[in-house]
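Participant: Let me give you the structure first, and then I'll get to my questions.
Each reported figure results from applying straightforward, stated rules to the coordinates on display, with no laboratory input. Just so we're clear, the structure is a prediction, and the values are computed from it rather than from any experiment. Note that each Cβ is placed from the backbone with ideal geometry, even for glycine, and that neighbours are counted across all protein chains shown.
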């Protein structure tokens with residue numbers, strides 16, 4: 001039999017968005033309860049150097065930065081707990097969320113900050129070198145490869161955008177495309193094709209990322225000829241998409257075709273009153289720690305205003 005607890009503000013997720021929402025909600029005396037999810041600290045816990053977050057002039061390690069976020073939220077009074085939202089019922093005014101199928105939370109307001117997970121190729125070498133030359137975000141990590149040669153996998157608009165971003169930093173960008181065409185829009189394809197230092201390998205797949213402690217190269221196989229080619233690179237970027245961690249909310253919350261939660265323009269409001277979304281679970285465009293933190297602030301302020309009317313009417 002599950003226990004039931006009623007709270008003013010429930011925050012689901014513990015990346016920059018969730019922790020920032022918690023800081024603002026605590027300061028507004030919403031007495032937030034935050035459940036971390038499976039990956040406490042979110043995607044940044046798998047990142048090494050973070051140099052583009054304001055306030056860290058010398059840079060900082062991703063896990064350390066998220067520990068700072070957690071400590072600040074806790075110091076402000078957030079009740080931080082480990083657990084995963086496994087079921088929700090947003091049909092009533094009081095929102096019900098089940099944690100690990102055993103704890104039932106009734107919340108006057110809910111802030112969804114469950115983030116998105118990068119899609120990977122599934123190579124053991126890719127996993128082993130993740131954070132040591134393998135990355136799923138060129139905008140986050142491309143700076144570290146200025147003047148070095150890199151490779152990128154993908155064929156959509158995001159892959160093209162990231163290839164062009166890297167081409168401004170790196171002498172050579174090797175782009176691995178699985179088919180004989182790209183999925184990207186025509187304008188993005190044209191930009192890539194007309195960029196001299198981007199070399200495209202059509203009908204090709206990555207077989208291995210080479211390197212003991214850091215990326216030294218990749219092996220790719222041409223699917224038509226079977227030929228295996230080794231390319232010397234210092235960085236390997238995977239740009240085959242992200243999966244928003246939103247499945248549990250699907251019966252109640254409006255989403256786009258990819259599963260990103262849709263919020264009202266200029267706010268964190270979803271289609272369900274009292275339920276707000278922030279961070280990468282609703283942002284398919286920017287996907288940066290600083291934008292996630294900003295949207296976490298928005299969600300907490302929206303929740304505060306909602307509760308101000310709900311609890312005092």
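Participant: Tell me the angle of helix 289-310 to the major Cα principal axis of the chain, expressed in degrees between 0 and 90 and rounded to the nearest ten.
Facilitator: Taking Cα atoms only, the helix is inclined about 20 degrees.
Participant: Work out the P(r) tail for the stretch 160-313: percent of alpha carbon pairs separated by more than 29 Å, whole number.
Facilitator: On the way: 4779 of 11781 pairs.
Tail of P(r) above 29 Å: 41 percent of Cα pairs.
Participant: Between residue 4 and residue 38, what FRET efficiency comes out of the Förster formula 1/(1 + (r/R0)^6) with R0 = 22 Å and r the beta carbon distance, rounded to 0.05?
Facilitator: Working: r = 23 Å, r/R0 = 1.06.
The computed FRET efficiency comes out at 0.40.
Participant: OK, next. Please build a GNM for the chain, connecting alpha carbons under 10 Å apart, and tell me which residue among 216, 39, 257 fluctuates the most.
Facilitator: 257
Participant: Let me ask another. Take residue 310 and residue 75, extend 7 Å from each Cα along the Cα→Cβ direction, and tell me the distance between the two endpoints in nm.
Facilitator: The modelled label-to-label distance comes out at 3.0 nm.
Participant: Angle, helix 157-167 long axis vs. longest principal axis of the chain, Cα atoms, 0 to 90°, nearest 10?
Facilitator: Tilt relative to the chain: about 60 degrees.
Participant: Under a GNM of the chain (C-alpha, springs under 10 Å), which listed residue has the highest mean-square fluctuation: 32, 16, 124?
Facilitator: So, out of 32, 16, 124, the one fluctuating most is 124.
Participant: Given contacts defined as C-alpha pairs under 8 Å and at least six residues apart, what's the relative contact order of the chain, whole-number percent?
Facilitator: Working: 727 pairs, mean separation 65.3, N = 313.
With pairs under 8 Å counted, the relative contact order is 21 percent.
Participant: Still on this model: Could you work out [θ]222 nm for the chain from helices alone, using -39500 (n - 2.57) per DSSP H run of at least four and dividing by all its residues? Round to the nearest 500 deg cm²/dmol. Walk me through the intermediate numbers first.
Facilitator: Details: 7 runs with 77 residues, N = 313.
The helix contribution divided over the chain gives -7500 deg cm²/dmol.
Participant: Further question on the same structure: With r defined as the distance between the Cβ atoms of residue 216 and residue 285 and R0 fixed at 22 Å, what FRET efficiency is calculated, to the nearest 0.05? Please report the intermediate quantities before stating the final value.
Facilitator: Working: r = 33 Å, r/R0 = 1.49.
So, using R0 = 22 Å, E works out to roughly 0.10.
Participant: Where both partners of a DSSP beta bridge lie in the stretch 120-238, what percent of those bridges are antiparallel, to the nearest 5? Provide the component values of the computation, followed by the final result.
Facilitator: Working: 10 of 25 bridges.
If I count the DSSP bridges inside the stretch 120-238, around 40 percent turn out antiparallel.
Participant: Specify the residue with the greatest mean-square fluctuation among 95, 108, 68, computed from a Gaussian network of the chain linking alpha-carbon atoms under 10 Å apart.
Facilitator: Judging by the Gaussian network model, the answer is 68.
Participant: Roughly what angle does helix 16-27 make with the longest principal axis of the chain, taking Cα atoms, 0 to 90 degrees, to the nearest 10?
Facilitator: Once rounded, one gets 20 degrees.
Participant: Sorting 114, 229, 158 on the 10 Å Cβ count, fewest up front, what's the list? Mind dumping the intermediate values first?
Facilitator: Details: 114 31, 229 13, 158 20.
Fewest-to-most Cβ neighbours within 10 Å comes out as 229, 158, 114.
Participant: What are the radius of gyration and Dmax of the stretch 120-238, computed over its Cα atoms and given in Å?
Facilitator: Every Cα atom of the stretch 120-238 included, Rg and Dmax give 13.0, 38 Å.
Participant: Further, regarding this structure: Could you tell me the calculated FRET efficiency between residue 208 and residue 180, based on Cβ-Cβ distance and R0 = 25 angstrom, to the nearest 0.05?
Facilitator: Values: r = 23 Å, r/R0 = 0.91.
Rounded to the nearest 0.05, the efficiency is 0.65.
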